[in-house]
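The values are calculated or read from the model by the stated rules, or taken from the named source; none is laboratory data. What you see is a predicted model; the values in this text were computed from it and never measured. Note that we place each Cβ from the backbone using ideal geometry, even for glycine, and neighbour counts take in every protein chain shown.
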């Protein structure tokens, strides 16, 4: 009897390891998804990794695409899976690209569907397609970038170390922002230029709807004001000659802060830079030369900060989380558009190990 009970207890445990198990070759590994909306219909595309055996892999494409349509997002996803003779595996998802129409009108439906699907890991990137359909972005591959979704994820990741016009915000963070009544959010955007996928400036949201695109300068400034910009580029006129210029590049992340006193918001940013290109006929052995250049860069940065904040107010999109900071301090809500704003920029030029700085 004891032996019988022992077997009765352990056999189900030993067998359970095989339950719901699927061989890799029986899976359709979805790396990227495109979602468009046209004529009251959702159009989706799945970019699926080709998992053929090594012996059969010669001259085989890295990915293949299947498409589906439906009056709802769930119908479109189901329709796309009808073309797949394997189990669709979404845990490897790298990127979802959505069209402008989806971003402006249908983000809530997309979020609702994806967060209910327990097969999806919400750490993928969401991006908006500009001046093209989302499917066109996903189809844009070449020998150097045979998997569009992976190429897009790498573009966003490497952007942190380059021009900083994108945001390394994954879907889970995007959703966390969008459902918080004291925050608004933003996403990276993509365009096709000369047949190549490129990053474009950020799109900003008010609640669930995309309301505007930032310019390239505004996107970089936003990343600086939020303390995320790894590298920024400045080009200012020579203090003694408006016909010529000097170019500088920042290094390391800026030191940024937001302080609120009564109804006044003070936004500050401190950036260390180095000169990378000089067309000024000035004496660079003198500290005064650097002081004048720093003043020019600081004024340029303050102007950009003010311009970004004015756009944020114009579209009532609180991407800098002013409402949240105000509530944490005062335990009450307020419209961030009704507050007063002051800007402080500090630029430090590093030259050959010597740092010259000017503070306003």
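Only one of (1) free of Cβ contacts under 8 Å to residues at least 24 places away in the same chain; (2) in a helix (DSSP H, G or I); (3) more than 30 Å from residue 330 (Cα to Cα) is not met by residue 173, so which one is it? It fails just one condition, (3).
Residue-level check: of (1) touching a strand residue (DSSP E or B) at 6+ places or on another chain (Cβ under 7 Å); (2) assigned to a loop (DSSP other than H, G, I, E, B), residue 294 misses just (2). For the condition outside the structural domain of residue 33 (by TED's automatic domain parsing), surrounded by fewer than 17 Cβ atoms within 10 Å (Cβ to Cβ), outside any helix (DSSP H, G or I) and in contact with a helix residue (DSSP H, G or I) (Cβ under 9 Å, 6 or more places away or on another chain), residue 243 does not qualify. Being more than 22 Å from residue 339 (Cβ to Cβ) and surrounded by fewer than 16 Cβ atoms within 10 Å (Cβ to Cβ) is a property that residue 228 lacks.
Restricted to the range 117-134, and to residues that are surrounded by fewer than 20 Cβ atoms within 10 Å (Cβ to Cβ) and modelled with pLDDT of 95 or more, which residue is farthest from residue 185 (Cα to Cα)? Of everything passing the filter in the range 117-134, 132 is farthest from residue 185 (Cα to Cα).
How many residues are more than 15 Å from residue 159 (Cβ to Cβ) and part of a strand (DSSP E or B) if we restrict to the range 200-215?
The qualifying residues number 8.
Answer with yes or no whether residue 66 is surrounded by fewer than 14 Cβ atoms within 10 Å (Cβ to Cβ) and either more than 24 Å from residue 191 (Cβ to Cβ) or modelled with pLDDT under 90 (or both). No; evaluated as a whole, the condition is false for this residue.
The condition (being within 29 Å of residue 238 (Cα to Cα), in contact with a strand residue (DSSP E or B) (Cβ under 9 Å, 6 or more places away or on another chain) and not in a strand (DSSP E or B)) is satisfied by just one residue among 299, 270, 277, 288: 299. On the given criteria, is residue 19 surrounded by fewer than 19 Cβ atoms within 10 Å (Cβ to Cβ), modelled with pLDDT under 95 and touching a strand residue (DSSP E or B) at 6+ places or on another chain (Cβ under 9 Å)? No, not satisfied.
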